[in-house]
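Heads up, the thing below is written out as structure tokens.
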Amino acid sequence: MTKTKVIAVLLLLMCLAFSMVTPAYADSLRDKKIRLGLDSILLGYYTDVGPAGEPETLIGLTLLGVGYRKYLELRKPLYGYFEFGTQALILPYLEGGIIFAFPFGLELKTGLDLALGMETITDPYSGETTYSFYPLLSIGLGIGVRF
């Protein structure tokens, strides 16, 4: 497990270093519309950005699902956000919180996550499988980079 965490941190640091070096096609943060993150939206695309590249709307892929995030500007570089989508194809989630967006493309996120959990129960005697659904409330932390 530790090896996996080290690899994930190294990949994130490499993406961060890559995003700080602005590619030839990106004159500013406004041109960086792809986002890679270690949070609810793993890979996303900014469909709407402000005049200076401020995030406004993000659509992307979650863990086997899709998500939509709307940013609400509180006071630069602090943004509120509201997010909803699905995980594992059918399990919906809602999330809201605060994002600190650095001017070079790094985002730090914290918020509350309300999701629908699912548990599979198999009776060892009859072999019958039942599914149990329940609400999950958790704290969401995340980091993301734009490039």
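Structure notes:
- Here Ile143 does not qualify as among the β-branched types (Val, Ile, Thr), under 28 Å from Tyr45 (Cβ atoms) and open to solvent by 70 Å² or more (accessible area, probe 1.4 Å).
- The residues of segment 89-133 that are assigned to a strand (DSSP E or B), open to solvent by 50 Å² or more (accessible area, probe 1.4 Å) and over 24 Å from Tyr68 (Cβ atoms), listed by number, are Glu119, Thr120, Ile121, Thr122, Thr129, Thr130, Tyr131.
- Selection within segment 1-31 - open to solvent by less than 50 Å² (accessible area, probe 1.4 Å) and modelled with pLDDT under 75: Ala8, Leu12, Cys15, Leu16, Ser19, Pro23, Ala26
- The single residue among Thr130, Thr86 that is under 19 Å from Asp39 (Cβ atoms) and either touching a Gly at 6+ places or on another chain (Cβ under 7 Å) or at pLDDT below 95 (or both) turns out to be Thr86.
- Looking only at residues of segment 131-147 that are of a type outside the set (A, V, I, L, M) and touching a Lys or Arg at 6+ places or on another chain (Cβ under 8 Å), we find that the one that is nearest to Leu11 (Cα to Cα) is Gly144.
- Scanning segment 32-56 for residues that are open to solvent by 10 Å² or more (accessible area, probe 1.4 Å), farther than 24 Å from Val9 by Cβ, in a strand (DSSP E or B) and not charged (D, E, K, R) turns up Tyr45, Thr47, Val49.
- Taking first residues from segment 40-51 that are modelled with pLDDT of 90 or more and partners that are acidic (Asp, Glu) and buried (at least 20 other Cβ atoms within 10 Å of the Cβ), the Cβ contacts under 8 Å between residues at least 6 apart in sequence or on separate chains come to Ser40/Glu83; Ser40/Glu95; Ile41/Glu83.
The values are calculated or read from the model by the stated rules, or taken from the named source; none is laboratory data. Only a predicted model underlies this, so the values are computations on that prediction, with no experimental measurement involved. Backbone-built Cβ (ideal geometry, glycine too); neighbour counts: all protein chains shown. Just so you know, the surface numbers come from the protein's heavy atoms only, side chains and all, with ligands and any DNA or RNA stripped out. Shrake-Rupley method; radii C 1.70, N 1.55, O 1.52, S 1.80 Å.
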